[in-house]
2 protein chains.
Amino acid sequence: MTHIDIKLEPLTREAFKPFGDVIELNESNDMFPINFGLTERHHALSRVDVADGGGEPIISLFENQPASLPIRVKVMERHPLGSQAFIAISGNPYVIVVGEAGDFDHTKLHAFLAQSSQAINYYKGTWHHYCLGLNAVNQFVVVDRGGTGDNCDESEIPDDVVITVNH
Amino acid sequence: MTHIDIKLEPLTREAFKPFGDVIELNESNDMFPINFGLTERHHALSRVDVADGGGEPIISLFENQPASLPIRVKVMERHPLGSQAFIAISGNPYVIVVGEAGDFDHTKLHAFLAQSSQAINYYKGTWHHYCLGLNAVNQFVVVDRGGTGDNCDESEIPDDVVITVNH
């Protein structure tokens, strides 16, 4: 069994581009004022892509037990029929582990540290770890696909893959 | 000009039912464990209803200037082609003002105090005030309709309608 360390990177839109969208304040956003100038609308930062196989967009709430670093990555999942957005509402940072859509390769994973002001939307088919909220029990509002069809694949990892803060 | 006071009610799923869904932890939820028992999925608490006129679901970010009570309600809006969900990510409570879909009647409005742990989804056509986050500048992740078509009606209020905490 090989040991693989994954570098925990800060979450940025650019670094996350192969895997999904980051929904955050950003000067590159398409922004326009609404509500008589009292609100900035940062418009269409991501698209909910769930229509495959007759799917419909639904909103759910996830409540997760807290994760703590170092994190051992044992299994990853993907949703082949739809995107999946996570919006942290408990104020804590969270860890994201992802691999590009396509054939699963556990030697090419990336790990990001997201702040609660950064929501994310995984593209359809992006490999990702389940929710890893830090510090406390965390709630996430999740926007994903409702409907019939097999929309979850899992891949187990044969090696010892670990995410650490300093390495 | 008539003066109308609106009672600020705590937001509950039952009280909000004529206007939209409340996305929150609730024992009436369809809940099942996922992620090897580490996550509770409170499933499909609301549906994103934006397909009218060829619309597609999009995710945006709103940043609002803070509101403070008492609030004078001068204009309300509705989106005839789609639902609109607001997910507070800045940790502050917010005020919701709503009227049932259909002909606008400013004498039948309701006001709710929502906690940041309560996301909401206005049904298509529900009359509502724009975002009223309290205490500070607030950010909301918004899930609504992208696409062509006229999806915003406004109604001005001829009377002096005020939301107060104690009255």
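Of note:
- Shielding by partners, peptide A:29-36 (average Cβ within 10 angstrom, other chains): 3
- Of the three principal axes defined by the Cα atoms of the range B:34-80, the extents in descending order read 49, 34, 17 Å.
- Those lysines that a straight Cα-Cα span of less than 29 Å connects to A:Lys124, excepting residues fewer than 8 apart in one chain: A:Lys7, A:Lys17, A:Lys74, A:Lys108, B:Lys124
- For A:Met31, the residues whose amide H sits under 5 Å from its own are A:His43, ignoring neighbours fewer than 5 places away on the same chain, with H placed 1.01 Å from N.
- Based on every Cα atom in the protein assembly as shown, Rg and the maximum pairwise Cα distance Dmax equal 20.7, 78 Å.
- Placing a label point 7 Å from Cα along the Cα-to-Cβ axis, A:Gly54 is separated from the same position in the other copies by 2.4 nm, shortest listed first.
- Each residue of the range A:2-8 was assigned a 3J(HN,Hα) from its phi angle through the Karplus expression (A = 6.51, B = -1.76, C = 1.60, θ = phi - 60°), giving 7, 9, 10, 9, 10, 6, 7 Hz with x at Gly and Pro.
- Our coupling estimate for the range A:65-77, obtained by passing each phi through the Karplus curve with A = 6.51, B = -1.76, C = 1.60 and θ = phi - 60°, is 5, x, 9, 9, 7, x, 10, 8, 9, 9, 8, 10, 9 Hz, Gly and Pro reported as x.
- Once you reduce the range B:106-125 and the range A:122-167 to the center of their Cα atoms, the two points are 32 Å from each other.
- Counting all C-alpha pairs of the range A:2-166, share separated by more than 26 Å (%): 28 percent
- Size of electric dipole in chain A: Cβ of Lys, Arg +1 and of Asp, Glu -1, about Cα centre, debye, nearest 20: 320 debye
- Within the accessible area of the protein assembly as shown, the carbon and sulfur atoms contribute 48%, probe 1.4 Å, all protein chains present.
- Note on the range B:2-166: dipole from Cβ charges, positive end direction compared against B:Ala101, B:Val165, B:Gln84; the farthest Cα belongs to B:Val165.
- Helix-only mean residue ellipticity at 222 nm for chain A, each DSSP H run of n ≥ 4 adding -39500 (n - 2.57), per residue, nearest 500: -500 deg cm²/dmol
- Ascending list, in nanometres, of distances separating the B:Gly102 label from those of the other copies (7 Å, Cα toward Cβ): 5.6
- Dipole of the range B:2-166 [Lys/Arg +1, Asp/Glu -1 at C-beta], most positive-end residue of B:Ser116, B:Leu69, B:Pro18: B:Ser116
- Around the amide H of A:Gln84, modelled in the peptide plane, lie the amide H atoms of A:Tyr122, all under 5 Å away and 5 or more residues distant in sequence or on another chain.
- Per-peptide average of other Cβ atoms within 10 Å, ordering A:4-15, B:95-106 highest first: B:95-106, A:4-15
- Chains A and B together bury roughly 3800 Å² of accessible area, counting both sides, with a 1.4 Å probe on protein heavy atoms only.
- Accessible surface area normalised per residue over the range A:30-167 is 41 Å², counting heavy atoms of protein chains with a 1.4 Å rolling probe.
- In nanometres and ascending order, the distances from the A:Glu154 label point to those of the other copies are 5.2 (point 7 Å from Cα along Cα→Cβ).
- About the Cα centre, charge dipole magnitude for the protein assembly as shown (Lys/Arg +1, Asp/Glu -1 at Cβ), debye: 500 debye
- In order along the range A:87-100, the Karplus-derived 3J(HN,Hα) couplings, from 6.51 cos²θ - 1.76 cosθ + 1.60 at θ = phi - 60°, round to 10, 6, 10, 9, x, 9, x, 8, 9, 10, 10, 9, x, 5 Hz, and Gly and Pro are given as x.
- Taken over the alpha carbons of the range A:116-167 as equal point scatterers, the Debye sum produces base-10 log I(q)/I(0) values at 0.19, 0.30 Å⁻¹ of -1.04, -1.37.
- Over chain A, relative contact order from alpha-carbon pairs under 8 Å, at least 6 apart, %: 38 percent
The values are calculated or read from the model by the stated rules, or taken from the named source; none is laboratory data. What you are looking at is a predicted structure, and each value in this text was computed from that prediction instead of being measured. Don't worry about glycine lacking a Cβ; one is built from the backbone with ideal geometry, like all the others, and counts go over all protein chains shown. SASA here: full protein model, heavy atoms, side chains in, ligands and nucleic acids out. Shrake-Rupley method; radii C 1.70, N 1.55, O 1.52, S 1.80 Å.
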